[in-house]
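Scroll down for the structure; my scribbles are underneath it.
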Amino acid sequence: MLRIVVCVSGGGTNLQAILDAMDSGLITNTEIIAVISNNAGAKALDRARARNIPAILMSPKAYPDREAFNEAFTARMCELAPDLVVLAGFLVKIPVQMVERFGGRIINIHPSLIPSFCGVGYYGLKVHEKVLERGVKITGATVHFINEEMDEGPIIAQKAVTVEEGDTPELLQRRVMEQAEWILLPKAIDDIANGRIKVKDGKVYGCL
Ligand code: GRF
């Protein structure tokens with residue numbers, strides 16, 4: 001059984017996609033042991049509570065400085081001792097000490113085709129604003145292992161989504177979620193839970 005902690009900051013639609021996939025059997029051999037958010041008002045925490053999953057608030061605002069938060073966040077994650085950490089719309093930089101302890105066992109969903117439109121400042125709606133500004137015709141989402149850099153690490157899977165005439169950032173975000181994120185993330189979790197993913201020399205195999 002793959003024990004996972006899901007980290008969230010906002011609406012939690014990716015968390016919901018994971019919960020729904022567990023209900024439907026698209027994800028097997030997996031248990032969500034906790035959901036952690038930096039945002040007390042995150043709807044994602046309500047989604048966890050509705051399923052009696054421990055909903056934990058870990059906000060940098062509750063600590064004297066970022067280093068103190070990083071230590072506390074990492075210590076809490078070590079106590080939970082998940083097999084996999086899933087970043088699902090989580091807007092806090094993962095502490096380097098957490099990457100060191102859980103390296104290769106932290107995955108993230110990003111709403112673009114990495115290496116395009118990613119890195120510092122590219123999150124949520126901002127990604128789709130930049131996609132529309134640049135006029136690209138194809139965007140999508142990427143699920144990847146993380147490393148100490150923002151939106152880097154071995155890519156597990158990607159899914160393309162067409163940009164349509166008249167798209168607004170909101171319309172495009174919704175389409176990327178529906179057609180890519182909510183499919184990619186559950187499948188990656190199921191592949192990891194069932195041993196179908198192998199990472200060698202920084203490249204991922206077995207998850208197409
Ligand atoms: C989504 O666009 C996701 O790609 C990004 O955060 C946004 C919010 O996701 N990482 P959610 O609805 O909170 O899952």
Under-5 Å amide H pairs with G140, H placed in peptide plane, nonlocal only: L113, V161
- prompt: So which lysines pass the test for K93, namely a Cα distance under 23 Å, with those fewer than 8 places away in the same chain ruled out?
  reply: K43, K61, K126, K130, K203
field: Which of C7, C118 has the fewest Cβ neighbours within 10 Å, and the rest in rising order
entry: C118, C7
query: How high is the relative contact order of segment 1-62, in percent, with contacts defined as C-alpha pairs under 8 Å that are six or more residues apart?
result: 39 percent
task: Could you tell me which of L125, M1, V199 has its Cα farthest along the dipole of the chain towards the positive end, charges placed at Cβ (Lys, Arg +1; Asp, Glu -1), taken about the Cα centre?
output: M1
task: Can you tell me the order of 165-174, 183-192, 66-75 when each peptide is scored by its average per-residue count of other Cβ atoms within 10 angstrom, highest first?
output: 183-192, 66-75, 165-174
- request: Quick one, could you list the DSSP H helices from the chain stretching 18 Å or more along their long axis (Cα atoms) with average Kyte-Doolittle hydropathy of -0.5 or above?
  value: 66-80
query: Cα to Cα, under 18 Å, and not fewer than 8 places away if on the same chain: which lysines meet these conditions relative to K198?
result: K187
- prompt: Looking at the chain, what % of its DSSP beta bridges pair antiparallel, to the nearest 5?
  reply: 45 percent
- request: Over 22 Å, how big is the tail of the calculated P(r) for the chain, in percent of all Cα pairs?
  value: 47 percent
query: So what is the calculated 222 nm ellipticity per residue for the chain, using -39500 (n - 2.57) for each DSSP H run with n of 4 or more, over all residues, to the nearest 500 deg cm²/dmol?
result: -10000 deg cm²/dmol
- request: State, as an integer percentage, the relative contact order of the chain based on alpha-carbon contacts under 8 Å between residues 6 or more apart.
  value: 21 percent
statement: the chain, Gaussian network, Cα under 10 Å: of E133, E181, E148, the residue fluctuating most is E133
message: Can you tell me, using C-alpha contacts under 8 Å and at least 6 residues apart, the relative contact order of segment 54-127 as a whole percent?
response: 24 percent
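Throughout, read-outs are computed from the coordinates displayed, never taken from laboratory work. The shown structure was predicted, so the numbers you read here are calculated from the model rather than taken from an experiment. For neighbour counting, all protein chains shown are included, and Cβ atoms are generated from backbone atoms with ideal geometry for every residue, glycine included.
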